[in-house]
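Below is one structure, written out as structure tokens; the observations come after it.
The values are calculated or read from the model by the stated rules, or taken from the named source; none is laboratory data. Note that the coordinates shown come from a computational prediction; the quantities given were computed from them, not determined experimentally. All Cβ positions, even for glycine, are placed from backbone atoms using ideal geometry, and neighbour counts span all protein chains on display.
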Amino acid sequence: MTPTLKNAIVLWEFLSSGRGHQRSELIVVCGSYDLRVCDYACELLAKGIAEHLLFTGNTGNWTKHLWENTEASIFAQRALKNGVRPEQFSLEDRATNFAENISFARAMFPDVRSATFLTKPNSTLRVVSTLPIQWPGLEAWVDAPNYSFPEEVSNNVGVLGVIEEMVGDIQRIMLYPQKGFQIEQVIPKEVEQAWEYLVKQGFDHHLIS
């Protein structure tokens, strides 16, 4: 295994930590380039984890080049193919980041007291960190489909694309608490060192300038 992959796995394991779900009033499905998130939401719905799905997302760095429609609408089409009935889901198609995914969901469902949020594995910690700021007091869990890096990443972005994304996410976890966007997370030394290595290797396209 190359040093790049070894360091990227360190980031993947850190960013994917804290996954889980419980019986909730609502499942909020954060849109992305990975339709497996939608498939997992449909599975949890069928298992009775919640009775309603909210698909949230406009377009992002990747999906604006992938699809002509919003992430929410693409996920909704996928859910219908998976057998979900139209009355079992709602759409929010304005959100362009995790803060908006959460705050717009809160605005649509202000009486909800418990929710499970679904995202990609490597985005779990970002959502965990953003939830207390955007929806304080909510009893919330964050979950993701269980697939591995690098073998099972989405072909829509590939391994190198996921590494770029993770490097950008680590930087946001470092900087966003100072801006009031996220709660602070302790970043282990080995994660910081892996991040620094990957930045030096040129994985800097998703960094905040």
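Yes/no matrix, rows are residues, columns are (1) in contact with a Ser or Thr (Cβ under 9 Å, 6 or more places away or on another chain); (2) at pLDDT 95 or above; (3) not in a helix (DSSP H, G or I):
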site	(1), (2), (3)
ASN155	no, no, yes
GLY161	yes, no, no
ASP169	yes, yes, no
ILE187	no, yes, yes
TYR197	yes, yes, no
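Read through the list (1) part of a loop (DSSP other than H, G, I, E, B); (2) within 22 Å of GLY20 (Cα to Cα); (3) small (Gly, Ala, Ser), then give the number of the only condition that ALA140 fails. Result: ALA140 fails condition (1) only. Considering only residues in region 126-137 that are part of a loop (DSSP other than H, G, I, E, B) and surrounded by fewer than 17 Cβ atoms within 10 Å (Cβ to Cβ), the one that is farthest from the chain's Cα centre (by Cα) turns out to be GLY137.
Here is a yes/no grid of residues against (1) among the β-branched types (Val, Ile, Thr); (2) over 16 Å from VAL10 (Cβ atoms); (3) within 17 Å of the chain's Cα centre (by Cα):
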{"residue": "SER148", "(1), (2), (3)": "no, no, yes"}
{"residue": "GLY158", "(1), (2), (3)": "no, yes, yes"}
{"residue": "GLY168", "(1), (2), (3)": "no, no, yes"}
{"residue": "GLY180", "(1), (2), (3)": "no, yes, no"}
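Show me the strands (runs of 3 or more DSSP E) entirely contained within region 18-125 in which 3 or more residues are buried (at least 22 other Cβ atoms within 10 Å of the Cβ) and more than 13 Å from the chain's Cα centre (by Cα). Full working, then the answer.
Details: elements: 26-30, 53-56, 89-92, 114-118.
Strands (runs of 3 or more DSSP E) meeting the threshold: none at all.
Taking the conditions (1) without any contact (Cβ under 8 Å) to a residue 60 or more places away in the chain; (2) in contact with a helix residue (DSSP H, G or I) (Cβ under 9 Å, 6 or more places away or on another chain) in turn, MET108 satisfies each one other than (2).
Can you go through TRP135, TRP141 and tell me which one is within 27 Å of LYS47 (Cβ to Cβ), modelled with pLDDT of 95 or more and touching a His at 6+ places or on another chain (Cβ under 9 Å)?
On the way: TRP135 fails: touching a His at 6+ places or on another chain (Cβ under 9 Å).
Exactly one of TRP135, TRP141 is within 27 Å of LYS47 (Cβ to Cβ), modelled with pLDDT of 95 or more and touching a His at 6+ places or on another chain (Cβ under 9 Å), namely TRP141.
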